[in-house]
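Below: one structure, written as structure tokens.
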Amino acid sequence: MVKLQTPTTCFLSCIALLLVSVLGPTVASAQALSAPDAMDVYRTIDSWVREWEVKDEQIVGESTPAFACVSVTLRLDGRVIGRGQIVNPDPNSESVALATRVAIAQARSWVRTKVDEEPTQDFWDSMSSRVTLSVELVDEIVPMSDLELTLPSLGLSSGTQALIMHLGERAEVMTPDEIITLGMGIEQAAYSMATTLSSDGAMALASVKELIDRGYTFSRGDPTWIAQSAPNQGGVFLDRGSRMIEESRVGTVSVRNMSERIAGYLLAQRWPGAERYGIVGTREIVSGRATPEVALPYEQAIVATALLRFSDQGKKPIHTLSRDEAIRILKDLGAVQPGEPEPWTGIHASASLIALSYLNNEQIESDEDLSRLKERCTNALDSLYSPIDGFPDSVPAGARGLVAWSLVRTGNKYASSAVRAVFRDTPQGQLVSQMPFLGWAELELAGNASEVPAAAALSQMRSMMWDHQLVSSDLDWRDRDYLGAVVFTKGTTGLPTSRNLRPIAMICTMLGDPRLTPGTIVDMGIASEIGHCAAAMRFVDQLVMSDASGFLSRSPDRTIGGIRSSLSEWEVSPTSSAIALLAAIEFDRSIRAIGARPTPGFSPE
């Protein structure tokens, strides 16, 4: 891993804005197809789709570019109703029209199975405005070597590359759109394609080597992907099924906007029934289903904490709604429903008390549900740590920082002992697993003291993160959306995930604490730290389910704004989203704090 160099940092002279543009330039695209040419092809396909027809004379056009592979996907309310895919050994100018014709034919057939009589032209006209279009264009396909095929995911970058498989004269392709829709890994896609090509179910159990021995050949392609985010919207270019967050966009304004999008997602997770279940669990983006149907109590409490913190950041309607929703979640936690786990046990109690600590005592005591929740969780907290016995086995090692923070927030007499114990018993290299909760507990214990006892450990953890932060030189062009992420593992398969969020949240807090990050905006040390944090927040924003990806989901209104598990996983988690929201709040708070520090020799006048 290449160590991140001092980033190029640019500030606006107005301290109040402090917009940050801090990441190095990405490598230019190696794709031959220009963006204007690709968009022209997309618009041509779109015109055919709205007419529900590709005429014979339109199959070959002098201005139609030649492609080795074309995939056209039509959706209705997030459901695939037609997909046409054409693969050629050499680029062919007929591919665009033929793939579109197949997609339209499938869509028309699907519609006819849903109605009792042949649809009228008016019906088709109304349907055309509801259908979304996704187009993937591959200039050329490249044969893959046997060595490449031994690599994880067959050496492909999941979600950005198409896999093509041949058996004799027959060919199958899996493009990023289809792989995401089916929820497959690259290897699974390969076995599915092998089964389709041979009509032999046993191929699903064959190894890649066995497939090669049986005559299968593999190729890859780099598609240009353009899709509608929603009906009646224009096409947008996609990277790994989402929009690419550019380096120049990272700043306090963009982070605040991200905060509002995440908060909007959290507000949409309310349990839809009459039961007082609070919020739903992790939601699959494509299907829209939540699993589990009801989020665990500690997850709900973390969401409530994030919404309460966010509600203090402004006076917009979304801030008021966030506070109201957080209180509703906590009240529902206090009103346990039949079959629902009790929130006054283990880490559920700790998380609940943390959330309650952001409400005033009068409000809690005046509400039956809230007062019940606080009383029972407080009684349970005494069993989660003692100076003699430490933490019981019922508290997972990775949750001890959370318990310690709850002890601090509630003024427990053993709070300091618990915080010191977690720092002492956690190996330095694993300290990130206790963040941000342990770090916040430490800073709250330190109060206004001139020094933070664990400053050295926290600084070492931060240095380790920056040593493992991905920069442009670490990444292939197609993987540039990982820029700013942190790789904690040394293995080749250890891609960054939402696990980055927890330490990033703490690092953002450290940025604004002069005991941990001294200096002012004119110091290169501060500029470097802001650059690292901004790069990390760029990756956080990349994990947010974008409006541009809405066409993939059957429930876009309940998935957009949520934090995905990783760039190649299509599910959104309330817990990860809450941590990301807290990180964004801390980043904004820290930038403001740095801007407010007196700068020697600088006068705003």
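Meeting the requirement of 1 or more residues that are over 33 Å from the mean Cα position of the chain (by Cα), more than 17 Å from Trp52 (Cβ to Cβ) and free of Cβ contacts under 8 Å to residues at least 60 places away in the same chain, the strands (runs of 3 or more DSSP E) wholly within segment 66-140 are 79-92. The set of residues in segment 515-534 being in contact with a Gly (Cβ under 7 Å, 6 or more places away or on another chain) and either crowded, with 17+ Cβ neighbours inside 10 Å or at pLDDT 95 or above (or both) consists of Ile521, Ile526.
Checked against (1) free of Cβ contacts under 8 Å to residues at least 60 places away in the same chain; (2) surrounded by 14 or more Cβ atoms within 10 Å (Cβ to Cβ), Pro396 passes all but a single condition, namely (2).
Among the numbered conditions (1) in contact with a helix residue (DSSP H, G or I) (Cβ under 7 Å, 6 or more places away or on another chain); (2) without any contact (Cβ under 8 Å) to a residue 24 or more places away in the chain; (3) closer than 19 Å to Arg376 by Cβ, the only one that Arg323 does not meet is (3).
Quick check on this structure: which one of Arg240, Arg214 is basic (Lys, Arg) and under 20 Å from Arg83 (Cβ atoms)? Talk me through it step by step, then tell me what you get.
On the way: Arg214 fails: under 20 Å from Arg83 (Cβ atoms).
After applying the criteria, what remains is Arg240.
Based on what the data block shows, is Ala578 more than 24 Å from Ser134 (Cα to Cα), out of contact with any Ser or Thr (no Cβ under 9 Å at 6 or more places or on another chain), assigned to a helix (DSSP H, G or I) and in contact (Cβ under 8 Å) with a residue 12 or more places away in the chain? Break it down stepwise before answering.
Details: more than 24 Å from Ser134 (Cα to Cα): yes; out of contact with any Ser or Thr (no Cβ under 9 Å at 6 or more places or on another chain): no; assigned to a helix (DSSP H, G or I): yes; in contact (Cβ under 8 Å) with a residue 12 or more places away in the chain: yes.
Here the answer is no, as Ala578 does not meet what is asked.
Filtering segment 569-585 to residues that are polar (S, T, N, Q), buried (at least 24 other Cβ atoms within 10 Å of the Cβ) and farther than 14 Å from Ala268 by Cβ leaves only Ser576. Taking the criterion of being in a loop (DSSP other than H, G, I, E, B) and surrounded by fewer than 20 Cβ atoms within 10 Å (Cβ to Cβ), the residues of segment 362-393 that qualify are Ser366, Asp367, Asp382, Ser383, Pro387, Ile388, Asp389, Phe391, Pro392, Asp393.
The helices (runs of 4 or more DSSP H) falling completely within segment 150-264 that include 1 or more residues that are in contact (Cβ under 8 Å) with a residue 60 or more places away in the chain and under 30 Å from the mean Cα position of the chain (by Cα) map to 176-182. Of all residues in segment 212-243, those being buried (at least 22 other Cβ atoms within 10 Å of the Cβ) and of a type in the set (A, V, I, L, M) number 3.
Assessment of segment 427-436 against the conditions (over 30 Å from Gly595 (Cβ atoms) and crowded, with 17+ Cβ neighbours inside 10 Å) yields at least one matching residue. Being of a type in the set (A, V, I, L, M) and not in a loop (DSSP other than H, G, I, E, B) is the filter; apply it to segment 415-437 and report the residue that is farthest from Val486 (Cα to Cα). By that ranking, first place goes to Ala415.
What are the pairs, 6+ residues apart or on separate chains, where a residue within segment 294-315 that is without any contact (Cβ under 8 Å) to a residue 24 or more places away in the chain has its Cβ under 6 Å from a residue that is in a helix (DSSP H, G or I) and buried (at least 20 other Cβ atoms within 10 Å of the Cβ)? Between residues of segment 294-315 that are without any contact (Cβ under 8 Å) to a residue 24 or more places away in the chain and residues that are in a helix (DSSP H, G or I) and buried (at least 20 other Cβ atoms within 10 Å of the Cβ), the close pairs are Ser311/Ser322.
When Leu359, Leu330 are screened for being in a loop (DSSP other than H, G, I, E, B), out of contact with any strand residue (DSSP E or B) (no Cβ under 7 Å at 6 or more places or on another chain) and under 18 Å from Trp405 (Cβ atoms), only Leu359 passes.
The values are calculated or read from the model by the stated rules, or taken from the named source; none is laboratory data. Note that the coordinates shown come from a computational prediction; the quantities given were computed from them, not determined experimentally. For neighbour counting, all protein chains shown are included, and Cβ atoms are generated from backbone atoms with ideal geometry for every residue, glycine included.
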